[in-house]
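Here is the structure we will look at.
The values are calculated or read from the model by the stated rules, or taken from the named source; none is laboratory data. These numbers were taken from a predicted model, which means no experiment stands behind them. FYI the Cβ positions are ideal-geometry reconstructions off the backbone, even for glycines, and counts take in every protein chain you see. For the accessible areas, the whole protein counts, side chains as well, though only heavy atoms, and no ligand, DNA or RNA atoms are used. Shrake-Rupley method; radii C 1.70, N 1.55, O 1.52, S 1.80 Å.
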Amino acid sequence: MYDTRQFKKGLKIEIDGVPYQVIDFQHVSPGKGSAFTRTKLKNLLTQGALEKTFKSHEKIAKANTFQKKMQYLYKDSEGYHFMDISSYEQIALQEDLLGSKVGFLMENMVTQILFFNDNPIDVELPNSVELTVVETEPAFKGDTVSGGKPAVMNTGVTVTVPFHIKEGDKIKVDTRDSSYCEKVSK
């Protein structure tokens with residue numbers, strides 16, 4: 001159990017059987033009345049946000065979560081297969097759990113998988129990955145107004161890239177917001 005005074009960003013708590021992560025919090029001590037803690041929480045199952053106020057010194061349950069370092073192996077009809085690096089145990093995750101992260105998965109990539117009550121609920125990818133451009137329009141001289149052009153990567157994800165990027169180039173992409181970072185020199 002956590003006391004509201006122990007809240008910090010990133011802390012995982014459980015409310016009504018649902019795991020939440022503390023995104024932001026503020027301890028408030030008004031001149032009249034008792035102190036309280038105002039929080040912004042992220043639902044770890046649905047990724048939705050919740051704002052909740054707790055009384056001072058209220059006890060909150062610790063979420064039964066843990067992370068495992070797992071390596072992505074391959075995709076087949078059963079789903080996306082990951083292997084625990086330490087025990088070699090394998091699990092298959094469905095595409096709906098991975099969401100847009102599917103476009104950044106590459107064979108042998110090491111990820112962190114978050115489990116709640118022994119069930120996988122989220123996959124944390126590295127902050128950036130190196131991908132190869134397989135399809136994009138050629139650049140036109142003087143076309144600098146629109147800020148970029150769409151490019152399809154070798155994993156199937158589409159990223160907006162600068163005009164000088166061409167097919168076959170390797171680029172670094174931020175997995176958190178699907179943005180172009182830099183061209184990778186060969």
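Please pick out the residue among VAL152, VAL161 that is surrounded by 14 or more Cβ atoms within 10 Å (Cβ to Cβ) and touching a residue at least 24 places away in the same chain (Cβ under 8 Å).
VAL161
Mind checking which pairs have a first residue in the range 169-184 that is basic (Lys, Arg) and a second that is surrounded by fewer than 16 Cβ atoms within 10 Å (Cβ to Cβ) and not in a strand (DSSP E or B), Cβ under 6 Å, 6 or more apart or different chains?
Sorted first by the residue in the range 169-184, then by its partner, the pairs are LYS170/VAL184; LYS172/VAL184.
Could you tell me how many of the residues in the range 3-25 are without any contact (Cβ under 8 Å) to a residue 60 or more places away in the chain, assigned to a strand (DSSP E or B) and closer than 13 Å to LEU41 by Cβ?
The qualifying residues number 11.
For SER77, indicate whether it is within 25 Å of ILE171 (Cα to Cα), open to solvent by 40 Å² or more (accessible area, probe 1.4 Å) and small (Gly, Ala, Ser).
no
So, in the range 83-112, exactly how many residues are within 30 Å of LYS62 (Cβ to Cβ), touching a residue at least 40 places away in the same chain (Cβ under 8 Å) and in contact with a Leu (Cβ under 8 Å, 6 or more places away or on another chain)?
2
Just the residues that are within 11 Å of the chain's Cα centre (by Cα) and either of a type in the set (S, T, N, Q) or more than 18 Å from GLY10 (Cα to Cα) (or both), please, taken from the range 106-124.
THR111, GLN112
Being loosely packed, with under 12 Cβ neighbours inside 10 Å and not hydroxyl-bearing (Ser, Thr, Tyr) is the filter; apply it to the range 98-116 and report the residue that is modelled with the highest pLDDT.
Of everything passing the filter in the range 98-116, ASN108 is modelled with the highest pLDDT.
Suppose we filter ASP3, ASP16 for residues that are open to solvent by 90 Å² or more (accessible area, probe 1.4 Å) and either more than 26 Å from ASP122 (Cβ to Cβ) or not basic (Lys, Arg) (or both); which single one remains?
Only one candidate passes the filter, namely ASP16.
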